[in-house]
Structure formats: C-alpha cells, structure tokens
Amino acid sequence: MEKIHIEKNTVQETLVIPLYARKLCTQQFPNLFCDKKSMELIERLDYDF
C-alpha cells in the first residue's frame, strides 16, 4: 500500500487534525462513534503524528 505524503504548512496538514480526532474517538468510544474510514485513511498517511 502506497503512503500518502502530507506537506508541512498546507491545507492538507490542517485537514489531518479533525481526521485524526475522528480516529481517536473511534478507538476510545467505539459504542458512541464509529468511523472506520478515518482509521483506514490515517494508516495510509505518511505523517508524523
């Protein structure tokens, strides 16, 4: 699977923040919130969280 590179100081980097938050909510509160796509996308990103 090819990793997607995110440049620093770009709009793409800004959009990673809510995506990562959705992944964390899915992991911490699976009964209340489930976003499997965010988990898939975060795994594909070449970004230092």
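The values are calculated or read from the model by the stated rules, or taken from the named source; none is laboratory data. Bear in mind that the values here come from a model prediction, so they are computed numbers and not experimental data. All Cβ positions, glycine included, derive from the backbone under ideal geometry; neighbour counts span all protein chains shown. Quick note on the areas: whole protein, heavy atoms, side chains included, nothing else; ligands and nucleic acids left out. Shrake-Rupley method; radii C 1.70, N 1.55, O 1.52, S 1.80 Å.
Cβ separations smaller than 8 Å between residues 6+ apart or across chains give the following pairs from the range 28-49 residues that are within 16 Å of I17 (Cβ to Cβ) to residues that are among the charged types (D, E, K, R) and open to solvent by less than 80 Å² (accessible area, probe 1.4 Å): D35/K23; S38/K23; M39/K23; I42/K23; Y47/E13.
I'm trying to understand the selection: among the residues of the range 1-10, which are open to solvent by 70 Å² or more (accessible area, probe 1.4 Å) and closer than 14 Å to Y47 by Cα?
Across the range 1-10, the qualifying residues are E2, K3, H5, E7, K8, N9.
Residues in the range 11-38 that are open to solvent by 70 Å² or more (accessible area, probe 1.4 Å), among the charged types (D, E, K, R) and within 14 Å of F49 (Cβ to Cβ): 1 in all.
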